[in-house]
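Written below as structure tokens is the structure these notes are about.
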Amino acid sequence: LLSGWFGSQHITIIEFPNEGPSSNTDDAFVGLLDKDGAPAFSVLVCPGGNDQRMWTSIAHPQIARDRVREFVARGGGFVGLCAGMCLASQGYWDIEGRLPTEKTERQKRFEYFPAIFPAELQNLHRLRRTTLNWNSLLETTHPMYLALPPTGSLVGARFNDGNIVTEPPPLGTELLLRCTRDEPWSAIDTNFDPMTHGSLEGDWVSIAYIDPHNPTAGRLCLDGWHPESIHTPHCHAWLQAEVEYAAARYDEVRAAAAI
């Protein structure tokens, strides 16, 4: 785990390899919780990568799963980007046949995912350039809206083998950004076919979620795309705002507990 201060908030970023052993194999995420079981810091950030390979790189994934769940259940924030969004979910399905068609069979592959967002996602492949628009049903005073350009859109956001929310989202979900334009990242990618590879247009790619049944639950901020990408630095403000939005909920839970 990589820890540090992000503005005024203490966050930790999971460092996963896409190949080979992980630096997390021995601790099984012990550092997530204090001795009393409370979150040891404000926000856990999980970036992109190969989600299944990332999680199986841990020696005791079931212990890590349970500690992530406890971290969030007691107010810790979770920011998941692409594969990090996958890990937060109940798994995913696709239209290209890379996964079993039966949900029960698919979910065997995701047995140890923390599943702190109680829904399955759709996974779409290929490298894409997208336009993402703010949910017009939400206020423009929302803290996440303030991270966007004045147009309320992110043009040229990078999507690479990412996720969308297609089934009715669970209670407690805020739908934040919807894709309104989806095209190949490179103009020379002539093999891109929306009929084969699926289209993002009209679907939600950024959400926030708080478990409505748990008054001490932390906030999840999940992106099916890559706001951290070096190819889209104009999107970095969105990621910073997500960390701050998740941390604000952490502060709310701590303040309520102190009353």
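Quick notes on this structure:
- Count - residues of the range 99-135 that are aliphatic (A, V, I, L, M), at pLDDT below 95 and touching a helix residue (DSSP H, G or I) at 6+ places or on another chain (Cβ under 6 Å): 1
- Scanning the range 202-247 for residues that are within 18 Å of residue 151 (Cβ to Cβ) and either acidic (Asp, Glu) or out of contact with any Gly (no Cβ under 9 Å at 6 or more places or on another chain) (or both) yields a count of 6.
- Scanning the range 124-179 for residues that are within 16 Å of residue 232 (Cβ to Cβ) and small (Gly, Ala, Ser) yields 147, 153, 156, 157, 162.
- Scanning the range 231-255 for residues that are basic (Lys, Arg) and open to solvent by 40 Å² or more (accessible area, probe 1.4 Å) gives a single hit, 254.
- Among the residues of the range 14-51, those that are in a helix (DSSP H, G or I) and modelled with pLDDT of 75 or more comprise 31, 32, 51.
- Counted residues, the range 141-169 - those being assigned to a strand (DSSP E or B), over 15 Å from the mean Cα position of the chain (by Cα) and not aliphatic (A, V, I, L, M): 2
- Residue check for residue 138: over 18 Å from the mean Cα position of the chain (by Cα), modelled with pLDDT of 95 or more and aliphatic (A, V, I, L, M): yes
- Condition met for residue 208 (within 27 Å of residue 62 (Cα to Cα), in contact (Cβ under 8 Å) with a residue 12 or more places away in the chain, in a strand (DSSP E or B) and of a type in the set (A, V, I, L, M, F, W, C)): yes
- In this structure, residue 171 does satisfy being surrounded by fewer than 20 Cβ atoms within 10 Å (Cβ to Cβ), under 30 Å from residue 38 (Cβ atoms), among the aliphatic types (A, V, I, L, M) and touching a residue at least 12 places away in the same chain (Cβ under 8 Å).
- So residue 180, is it assigned to a loop (DSSP other than H, G, I, E, B), of a type in the set (Val, Ile, Thr) and either under 30 Å from residue 68 (Cβ atoms) or open to solvent by 10 Å² or more (accessible area, probe 1.4 Å) (or both): no
- The residues of the range 73-99 that are open to solvent by 10 Å² or more (accessible area, probe 1.4 Å) and either more than 24 Å from residue 205 (Cβ to Cβ) or assigned to a helix (DSSP H, G or I) (or both), listed by number, are 73, 74.
The values are calculated or read from the model by the stated rules, or taken from the named source; none is laboratory data. What you see is a predicted model; the values in this text were computed from it and never measured. When we count neighbours, we look across all protein chains shown, and the Cβ atoms used for this are built from the backbone with ideal geometry, even at glycine. Areas reflect the complete protein model, heavy atoms only, side chains present, ligands, DNA and RNA absent. Shrake-Rupley method; radii C 1.70, N 1.55, O 1.52, S 1.80 Å.
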